[in-house]
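A.B. asks: Can you read through this structure? Questions will come right after.
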Amino acid sequence: MSVTVIYVPRDTAALAVGADAVARAIEAEAVARGLALKVIRNGSRGMLWLETLVEVATPHGRVAYGPVNTGDVAGLFEAGFIHGAAHPLFHGLTEDIPYLKKQERLTFSRVGVIDPVSLTDYAEHGGWQGLKRALGMHPARIVDEVIESGLRGRGGAAFPTGVKWKTVLNTESRQKYIVCNADEGDSGTFADRMLMEGDPFSLIEGMVIAGLAVGANQGYIYVRSEYPQAIHVLNTAITQAMAAGYLGEYIQGSGLSFHLEVREGAGAYICGEETSLLESLEGKRGMVRAKPPLPAIEGLFGQPTVVNNVLSLATVPLILARGAEFYRNYGMGRSRGTQPFQLAGNIKYGGLVEKAFGLTLRELLYDFGGGSATGRPLRAAQVGGPLGAYLPEAQWDIALDYEAYAAASAMLGHGGVVAFDDTVDMLRMARYAMEFCAIESCGKCTPCRIGSVRGVETLDKIAAAQMGRENHITLLRDLCDTMLGGSLCALGGMAPYPVLSALEHFPEDFGVAAPAATQTV
Ligand SMILES: Cc1cc2nc3c(=O)[nH]c(=O)nc-3n(C[C@H](O)[C@H](O)[C@H](O)COP(=O)(O)O)c2cc1C
Ligand code: SF4
């Protein structure tokens, strides 16, 4: 009797809507009907409105049903879903769902496809090829390959990954480290989590390659404590990779070694900033360190350290396996490759969209997102997390490219997009940005520690329509100027972006009729 394979995600987004119960219900129903089934717990495909998305392997490919609740399970069996039959929750072949079909999945090519903790599945889907090639290369050649790919850090600052590695490679030390930044604190972002839960071996492989490239034999993945599922999956994958000789001593019979451990963060946004993260990893309070020295020269425990985002590291195996040229052929200008965008907020079809740089926000919001969830017109979108600018419709046709966004006083950051409909009060959003900064400030420098508190007060005065509103707005601009220029790190240095963009593009919400000033953010 052939065994039908059913996929039920165990990604946090799916678990949150009852995926475990759905998996149990499918197994129980199969037993009751005397059917032989194998349920594989995969990652999420990133179409979050369809979770729990159940897939059935058929001779024609995987067929999707969603969103499935436990109450739907008996009906699905009745309709013959194990043969891919029609049902009101049927979406046809998963790969043909337009949301997925229109994407260019490179970093996420395996996420949702494989069993995240199956070494065999990973290997059968192209895993370890990058590492195998890297093992036969000179470290400097690995670094050059990453430089040539054009990969830039996906954590927010977009610094060229290979250039950072080169600094670590060229810094003499007996001990070097690879640190993966999995703090993922930006609002509306979840790509790191999805990757770690859906394809943890790709991150492990990327970190081992980074270790070979710069001469580091110890790595840490700093994961936010709010991601228990990711931590569990990573630890399981690390144990397996150790047992299979992809981690530990003598990797794949070579003379090289690399050890990897997971560390849990303590829940502070500032611990995502690389120097605070290093302080936290060292067991101290997460406070920003002044740079220089760069972490690449004096990082963890004072040693040369690569700090890279999850997505940056997880993209490296593909670059090594397919070659720098393959990766850099995607994208535009100096933004090479693909970016996993994350659609959240008031959006009909929220989820993960990996596309080459160069598409527009309008395409993301409408072609993928389907407009607002409320059905009302969209008014603004915040791109790049809590420190990113609010973009009005007039800016939705700018290409999603690091330089084009910087020229518009905005940033792509980690690729998070949070949408708002026309009921949003942009003065309140500006206040929220300042309040966020006040709450999350590490307190080390005055413009951020004091400035953000004064910023909240000033915005409250503007909201209260107190006498002299124009003066308060001038004061707010001055304050933002000081924070932009005088803050030690990008928390205080970029918190003015959402505030000034709200003021610039939505002056009516601040009680100012026309564009408030010629100053751009
Ligand atoms: C306040 C603040 C929070 C940050 N949070 C994160 C984060 O959660 N994840 C991340 O990868 N980078 C974050 N960064 C950026 C890191 O400092 C650093 O640039 C990044 O980890 C480097 O990796 P990459 O080059 O691969 O992007 C943050 C920066 C700041 C200023
Ligand atoms: S800008 Fe804010 S978070 Fe950054 S160092 Fe200064 S006080 Fe700390």
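A.B. asks: So for Thr239, Thr12, fewest C-beta neighbours within 10 Å to most, what's the order?
C.D. replies: Least crowded to most crowded, the residues run Thr239, Thr12.
A.B. asks: Give me the distance in nm between label points sitting 7 Å out from Cα along the Cα-to-Cβ direction at Glu282 and Ser409, one decimal.
C.D. replies: Each label point is offset 7 Å from its Cα along the Cβ direction, giving 3.7 nm.
A.B. asks: Run lengths n ≥ 4 of DSSP H only: what is the helix-derived mean residue ellipticity at 222 nm for the chain, with -39500 (n - 2.57) per run over all residues, to the nearest 500?
C.D. replies: Taken over the chain, the calculation gives -11000 deg cm²/dmol.
A.B. asks: Describe numerically, in nm with one decimal, the distance between label points set 7 Å from Cα along Cα→Cβ at Glu470 and at Ala32.
C.D. replies: In this crude spin-label approximation the distance works out to 7.3 nm.
A.B. asks: Name the helices (complete DSSP H segments) of the chain with a Cα length along the long axis of 24 Å or more and a Kyte-Doolittle mean of at least -1.0, or state none.
C.D. replies: Those that clear 24 Å and a mean of -1.0 are 469-486.
A.B. asks: What does the charge dipole of the chain about its Cα centre add up to, to the nearest 20 debye, if the Cβ of each Lys and Arg holds +1 and the Cβ of each Asp and Glu holds -1?
C.D. replies: Computed about the Cα centre, the dipole is about 760 debye.
A.B. asks: With both bridge residues required to lie in the chain, what share of the DSSP beta bridges run antiparallel, to the nearest 5%?
C.D. replies: Close to 55 percent.
A.B. asks: Rg (Å, one decimal) plus Dmax (Å, integer) for the alpha carbons of the stretch 207-284?
C.D. replies: Expressed in Å, the Cα Rg and Dmax of the stretch 207-284 come to 13.8, 40.
A.B. asks: So how much slack lies between Arg376 and Glu325, counting 0.36 nm per residue of separation and subtracting their Cα-Cα distance, in nm?
C.D. replies: Between Arg376 and Glu325, full extension yields an extra 14.0 nm.
A.B. asks: Taking just the alpha-carbon atoms of the stretch 4-101, what radius of gyration and Dmax come out, in angstrom?
C.D. replies: Cα-based Rg and Dmax for the stretch 4-101 come out at 12.0, 36 Å.
A.B. asks: Could you work out the per residue convex hull volume over the alpha carbons of the stretch 331-421, in cubic angstrom?
C.D. replies: Per-residue hull volume (Cα only) is 73 Å³.
A.B. asks: Pop out the Kirkwood hydrodynamic radius of the stretch 191-238 from its pairwise C-alpha distances, inverse of mean 1/r, in Å to one decimal.
C.D. replies: The answer is 11.2 Å.
A.B. asks: Kindly put Arg469, Arg379 in sequence by how many other C-beta atoms sit within 10 Å of each C-beta, fewest to most.
C.D. replies: Arg469, Arg379
A.B. asks: Using the Cα gyration tensor of the chain, with a ≥ b ≥ c the square roots of its eigenvalues, what is the shape: rounded (a/c below 1.5), prolate (a/b larger than b/c) or oblate (neither)?
C.D. replies: Judged from the Cα gyration tensor, the chain comes out oblate (a/c at least 1.5, b/c at or above a/b).
A.B. asks: While we're here: At a temperature of 37 °C and a viscosity of 0.692 mPa s, determine how fast the stretch 119-328 diffuses translationally according to Stokes-Einstein, using the Kirkwood radius over alpha-carbon pairs as Rh; express D in µm²/s, rounded to the nearest whole number.
C.D. replies: 196 µm²/s
A.B. asks: In percent, how large is the relative contact order of the chain, given Cα pairs closer than 8 Å and 6 or more residues apart?
C.D. replies: Reported relative contact order: 13 percent.
A.B. asks: Compute for the stretch 426-518: radius of gyration divided by Kirkwood radius, i.e. Rg/Rh, restricted to C-alpha atoms, rounded to two decimals.
C.D. replies: In the stretch 426-518, Rg relative to Rh is 0.95.
Since every read-out is calculated from the coordinates, none of them should be taken as a lab result. Small disclaimer: the values here were computed from a predicted structure and weren't measured. Backbone-built Cβ (ideal geometry, glycine too); neighbour counts: all protein chains shown.
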